[in-house]
Structure formats: structure tokens, C-alpha cells
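The values are calculated or read from the model by the stated rules, or taken from the named source; none is laboratory data. Bear in mind that the values here come from a model prediction, so they are computed numbers and not experimental data. We place every Cβ from the backbone using ideal geometry, glycine too, and count neighbours over all the protein chains shown. Areas reflect the complete protein model, heavy atoms only, side chains present, ligands, DNA and RNA absent. Shrake-Rupley method; radii C 1.70, N 1.55, O 1.52, S 1.80 Å.
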Amino acid sequence: MIYELNHVGGRVRDLEASLAFYGGLGAEVVDRLFMAGPRVHRVHIQLATGLVELLYHEEPDAQASYGLNHIGFMTDDLDGDYARLTALGYAEISSPRVAGSGQGRLAFLSDPNGVRVELLQRSEEFRVTPITAGPVQAFTHVAVAAPDLDAAAEFYGTHLGMERVGDNTFRLGADALELAPPPAASIAHLAFATTAPGPDTQDPDGNSIRFVPA
């Protein structure tokens, strides 16, 4: 069973710049490791309840792209959920395998609009109690591209078991996902509630960051 919207993640061009940007919003590092084989640094940061996975490749290929590129969900039955979703026609990206970190197992598939969805089964828990010492008081949602809103709603609501809490907003666990109509990047934006909302901005890799009043 899929039971939690766990994180949003992607590749970063400059790890220290990304950590400085999110740190300025009050984020804290809650997990950090180095995968020696692919020479990749994986860092999880948390703002309020939201987890963001930053992946920094020491030796990126020339065609590498940067920015948030997937959303991750926790499951207690990776093989069963992956088989169920692919049998429904959702496109396979990578079948269940041991994670490169050695922490549990994972698989990737596409939602009906091409957003990369990671399924994770592991015993490690990176999320800590809400981090609100900085300006960010809540992780409002991650928005994903949904040109076909009905198909996306069926995928996230019916097949992933998320609760519909608004017209285009779904929740599973502590955090929420919003379906964004076109035009929108695959991961359209992250939204945070802050004590003193400023203008919307972008992180160092061009990901859209929005602020709303806490």
C-alpha cells in the first residue's frame, strides 16, 4: 500500500548554492550520504514538513539536466504496487531494485502526464518533527504538470490513494500535491507558507518557488 507523499527531488548543479538558498528559508539537512560508485551526493533537506532530495553528481555527463524532476512516495509493498500500476497502463521507467544508497528498494514509473514518480520501500525515516525556526511555517504543496487533469486525478486519487482536499489538490501523509494546468514544467513549483511572504522566486536550478501567507 502506498501510504505517504515522501519527497520531491532532482539533480542540482551546485550543491552548496542549493543548500544556501533553502537554508535561507529555514531548511535543515536531515540526511546526507555519498554514493561512491556513481559519485553522487544525496542530501535530504526539510522545511516545515516537506522533504526535498538534492542529488549532486561529481562527474555529470555533458547532457545532464538540472532541477526537480520527480516525486517520491513510500509504500509497504513495492513489488505489488509497481505491478498494479503498470498493469493499469502507467509507463514503466525502472523496475524494482535495490537503491543505489543501499537503503531499501525503489522503482520509477510515469504518471499519465509524464511526471516521474518514485516508489520507495525502506525502513529508514528521514523526516523529523516540523522545522519552522525560519520564515517557512508550512510546506503548502508541490505542484506537478497535469495537462490531462482528469487522468491525473484518477492516478493520484484513485490509484495512489491520496485524499482529495481541494479541486486539484491531494494529500497523503503530511504533505500535499497540486495538479497544475499547462503550461507548466513537470515539477511546476513548490509552495511554502511564510511569516512574511515575499515575491515568488527561483532556486539556483530554476525551480519555481512560491510563497503564501502563513
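Got at least one residue in the range 150-162 being open to solvent by 30 Å² or more (accessible area, probe 1.4 Å) and among the hydrophobic types (A, V, I, L, M, F, W, C)? The answer is no, given that none of the residues of the range 150-162 is open to solvent by 30 Å² or more (accessible area, probe 1.4 Å) and among the hydrophobic types (A, V, I, L, M, F, W, C).
Scan the range 103-145 for residues that are open to solvent by 30 Å² or more (accessible area, probe 1.4 Å) and either among the hydrophobic types (A, V, I, L, M, F, W, C) or over 14 Å from the mean Cα position of the chain (by Cα) (or both) and the total you get is 18.
Quick check, is Gly114 under 27 Å from Ser65 (Cβ atoms), free of Cβ contacts under 8 Å to residues at least 12 places away in the same chain and not polar (S, T, N, Q)? For Gly114, the condition - under 27 Å from Ser65 (Cβ atoms), free of Cβ contacts under 8 Å to residues at least 12 places away in the same chain and not polar (S, T, N, Q) - is not met.
For the structure I just gave you, tell me whether Asp150 is modelled with pLDDT of 95 or more, closer than 23 Å to Ser65 by Cβ and of a type in the set (D, E, K, R). Outline the logic, then answer.
Values: modelled with pLDDT of 95 or more: yes; closer than 23 Å to Ser65 by Cβ: no; of a type in the set (D, E, K, R): yes.
So Asp150 does not fit the description; no.
For the range 127-144, the set of residues classified as touching an Asp or Glu at 6+ places or on another chain (Cβ under 9 Å) and outside any loop (DSSP other than H, G, I, E, B) consists of Ile131, Phe139, Thr140, His141, Val142, Ala143, Val144, listed by residue number. Within the range 148-167, residues that are assigned to a helix (DSSP H, G or I) reach partners that are at pLDDT 95 or above and basic (Lys, Arg) with beta carbons closer than 7 Å, at six or more positions or on different chains, in the pairs Gly157/Arg164.
Conditions (1) of a type in the set (A, V, I, L, M, F, W, C); (2) touching a strand residue (DSSP E or B) at 6+ places or on another chain (Cβ under 8 Å); (3) loosely packed, with under 12 Cβ neighbours inside 10 Å; (4) without any contact (Cβ under 8 Å) to a residue 60 or more places away in the chain, marked per residue:
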| site | (1), (2), (3), (4) |
| --- | --- |
| Ala62 | yes, no, yes, yes |
| Gly67 | no, yes, no, no |
| Thr86 | no, yes, no, yes |
| Gly89 | no, no, yes, yes |
| Glu92 | no, yes, no, yes |
| Pro96 | no, yes, no, yes |
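Restricting attention to strands (runs of 3 or more DSSP E) lying wholly within the range 1-55, give those where 3 or more residues are over 16 Å from the mean Cα position of the chain (by Cα). Strands (runs of 3 or more DSSP E) meeting the threshold: 28-35.
Which one of Gly102, Gly89 is of a type outside the set (Lys, Arg), at pLDDT 95 or above and part of a loop (DSSP other than H, G, I, E, B)?
Values: Gly102 fails: at pLDDT 95 or above.
Sole residue among the options that is of a type outside the set (Lys, Arg), at pLDDT 95 or above and part of a loop (DSSP other than H, G, I, E, B): Gly89.
Under the condition of being within 27 Å of Leu172 (Cα to Cα) and among the basic types (Lys, Arg), which residue from the range 1-40 is surrounded by the fewest Cβ atoms within 10 Å (Cβ to Cβ)? The residue in question is Arg32.
Table: residues versus (1) touching a Pro at 6+ places or on another chain (Cβ under 6 Å); (2) at pLDDT 95 or above.
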{"residue": "Val30", "(1), (2)": "no, yes"}
{"residue": "Ala36", "(1), (2)": "no, no"}
{"residue": "Val40", "(1), (2)": "no, yes"}
{"residue": "Pro60", "(1), (2)": "no, no"}
{"residue": "Gly72", "(1), (2)": "no, yes"}
{"residue": "Leu78", "(1), (2)": "yes, yes"}
{"residue": "Ser94", "(1), (2)": "no, yes"}
